[in-house]
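Undergrad: Next up is a structure, given as structure tokens.
The values are calculated or read from the model by the stated rules, or taken from the named source; none is laboratory data. Everything numeric here is computed off the predicted structure, so don't read it as measured data. A quick note on method: Cβ atoms are made from the backbone with ideal geometry, for glycine too, and the neighbour counts reach across all protein chains shown. For the accessible areas, the whole protein counts, side chains as well, though only heavy atoms, and no ligand, DNA or RNA atoms are used. Shrake-Rupley method; radii C 1.70, N 1.55, O 1.52, S 1.80 Å.
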Amino acid sequence: GGLAMLLDRSRQSLTSCKETVVFLKSRAKVEEDYGRSLQKLSQHTLRSMDRPSPGQQSTQQVSWQRLVEAHETLASNRMKFSITLSEMSDFLSTYVKSKEAIRRKLRDTEQRYQKAIEESESLLEKARAKYEVQCGEWERLLLKTGKPDGALASSATSASGATHSTSSSAMTKTKNVGNAVSGIFGKHKVSTQESLERMGQEAGVKAKVANEAYKRLLQQTNSMRRDFYDVQLPKILASVMGLIEEVDQFLKFSLGKYAYTYESAILADAITLKPMDGAGLPGMVEMIGEIDSKADLDAYLMATAKHGGRINRASIPYKEYEMSTIARFYASPKRIFGVPLDAQLERDQQQVPLIMVKCADAVEAFGLQNEGIYRQSGQSSQVNKLRNEFDLDAEVVDLQANSYIADINNVTGVLKMYLRELPGGLIPVAQHGAMLSYFPVEDLEPGVAASAEAAATMHHYDRDQDLGLAQKISGMASAIRNMPPPNRNTLAFLLAHLDKVQAFQEFNMMNSENLSIVFGPTILPAGNNPANAALDIRRSAKVVRFMLDNRRAIFDAL
């Protein structure tokens, strides 16, 4: 009964899975209805809400709108939860169907073996009955003749054991019967005896054939039973046991997934109602607490009073004449090109030159994915026009206008021009030697001609294989630390900007190596010796690349 018990147990497990499928599907429908109803209510409320312009909204209107939007988020959370439950239900339903097919296959396999064994046993029973009938007939004729046939008797005795039951008393009875027969049929003794012997021989042959058939079916039936009970049935039992364990484990996993998904949905609702500390978002209680009824009333009265025709009794203010930009420049010029960095920053009360801030913002907004940014040159006329506008007044230049962002290379061109014309360079001469000392001429690739083309074939720098990386970082940090604050702050700003540019090298093809080739000679100009100009360009490019690759480490060490 083990198989029937396990099949029943597997049916129970699959039934539990089906019940879970029904539950998940129903729960998904409940959540979907709730989410859709809440979403519909929220959207209807938002559409019907009185929405003045942003500057005229009262605190009550702002809080009410945010509260309704929070309900819309709750509805969205429930819809997502419903979709997840529906997917889990469909997946579990498909799984149950596949396992039911396996269970039916195992049950049908066992039934097929049982049926084959029953049919074999039925044939065996028929063969045994026929064998006993033949042996009984042979025994009857042997008793009549009173003369055993040695060969047939031996065969019958070894095959069935039936003649072993014939005792010595049976032989005595045989003699008595023989005497009686002799007395009755004395006249025909010779002919009757021969007929009985012939019939006995035929009956013996039939008994032997029936015995062979019976033994063959018996061996076949026992072989089938041994194969079933010793091999096939244990396999089927193991398969059903494995099926039960797998279904139970999968059901446990599905219920665990449901519990986790439900907890996540509840947590999402909780975070919507009360965001975690540090998120910078108010919860529902805080939304209501932000309502300032008195301020709303004051704002309403002030707005209404403006439309009530109230007389302005204040004194008439002084109105200064608005001069044109060019006229203001001539009246109070604020040049930046060719002006020492510390002087212009002190004059403009800035930490970083305004031209660099505006150009970097424009590039980061519109040019990070432009191929060859900073490598390609802009139109000379447009670059000079920008230069003149910055030299008039950098504060009024608007690089977000379409006329400038149409070709971002004009913006990058004026930035490079500004750095080139900066007196003394962005990196002061006092720090040139300290920085270049970490990249001696011997480290450059031998055999490369000192030319403008050679400046583009820099020696490959591998940070992971440079054993002196820590010393270089420390030395660079020390050199930057010794710079004047205007140069140090401006260099830090420029490297941070270029780091953002190289972050998009997949699009703009400007990695640290390409950027260093462009900016190396610009911020670290070559020396006064023309013979070493090409080598100085390559070394300055290596310095800039090193600073780009290790920017965070260098400035963290300051």
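Undergrad: Give the range 236-270 a look and list any residue that's open to solvent by 20 Å² or more (accessible area, probe 1.4 Å) and aliphatic (A, V, I, L, M), or say none.
TA: Within the range 236-270, Leu237, Ala238, Met241, Leu251, Leu255, Ala259, Ile266, Leu267, Ala268, Ala270 meet the criteria.
Undergrad: Being modelled with pLDDT of 90 or more and not charged (D, E, K, R): is that true of Gly425 here? Walk me through how you get there before you give the answer.
TA: On the way: modelled with pLDDT of 90 or more: no; not charged (D, E, K, R): yes.
For Gly425, the condition - modelled with pLDDT of 90 or more and not charged (D, E, K, R) - is not met.
Undergrad: Go through Leu558, Leu548, Leu491, Leu535 for me and flag whichever is in contact with a helix residue (DSSP H, G or I) (Cβ under 6 Å, 6 or more places away or on another chain) and open to solvent by less than 10 Å² (accessible area, probe 1.4 Å). Break it down stepwise before answering.
TA: Details: Leu558 fails: open to solvent by less than 10 Å² (accessible area, probe 1.4 Å); Leu491 fails: in contact with a helix residue (DSSP H, G or I) (Cβ under 6 Å, 6 or more places away or on another chain); Leu535 fails: open to solvent by less than 10 Å² (accessible area, probe 1.4 Å).
When all the criteria are applied, what remains is Leu548.
Undergrad: Still on this structure: Which ones in the range 370-381 are within 13 Å of Leu415 (Cα to Cα) and open to solvent by less than 60 Å² (accessible area, probe 1.4 Å)?
TA: Answer for the range 370-381, where residues must be within 13 Å of Leu415 (Cα to Cα) and open to solvent by less than 60 Å² (accessible area, probe 1.4 Å): Ile373, Tyr374, Gly378.
Undergrad: Given the residues Ala406, Ala455, Ala479, which is the only one that is buried (at least 19 other Cβ atoms within 10 Å of the Cβ) and either of a type in the set (D, E, K, R) or modelled with pLDDT under 85 (or both)?
TA: On the way: Ala406 fails: buried (at least 19 other Cβ atoms within 10 Å of the Cβ); Ala479 fails: either of a type in the set (D, E, K, R) or modelled with pLDDT under 85 (or both).
After applying the criteria, what remains is Ala455.
Undergrad: Would the range 538-558 turn up any residue that is touching a His at 6+ places or on another chain (Cβ under 9 Å) and outside any helix (DSSP H, G or I)?
TA: no
Undergrad: Moving on to the next point. Report every pair of residues separated by at least 6 positions or lying on different chains whose Cβ atoms are under 7 Å apart, first residue within the range 222-242 and within 20 Å of Leu124 (Cβ to Cβ), second open to solvent by 60 Å² or more (accessible area, probe 1.4 Å) and in a helix (DSSP H, G or I).
TA: Phe228/Tyr113; Gln232/Tyr113
Undergrad: Does any residue of the range 420-440 turn out to be more than 30 Å from Gly475 (Cβ to Cβ) and assigned to a loop (DSSP other than H, G, I, E, B)? Please lay out each step first, then the result.
TA: Of all residues in the range 420-440, those more than 30 Å from Gly475 (Cβ to Cβ) come to none.
No, the conditions are met nowhere in the range 420-440.
Undergrad: Across the range 1-38, which residue is most open to solvent (accessible area, probe 1.4 Å) among those that are among the acidic types (Asp, Glu) and closer than 23 Å to Arg107 by Cβ?
TA: First pass over the range 1-38, keeping only residues among the acidic types (Asp, Glu): 8, 19, 31-33.
Checking the rest, the ones that are also closer than 23 Å to Arg107 by Cβ come to 8, 19.
On the way: Asp8: 58, Glu19: 119 Å².
This residue is Glu19.
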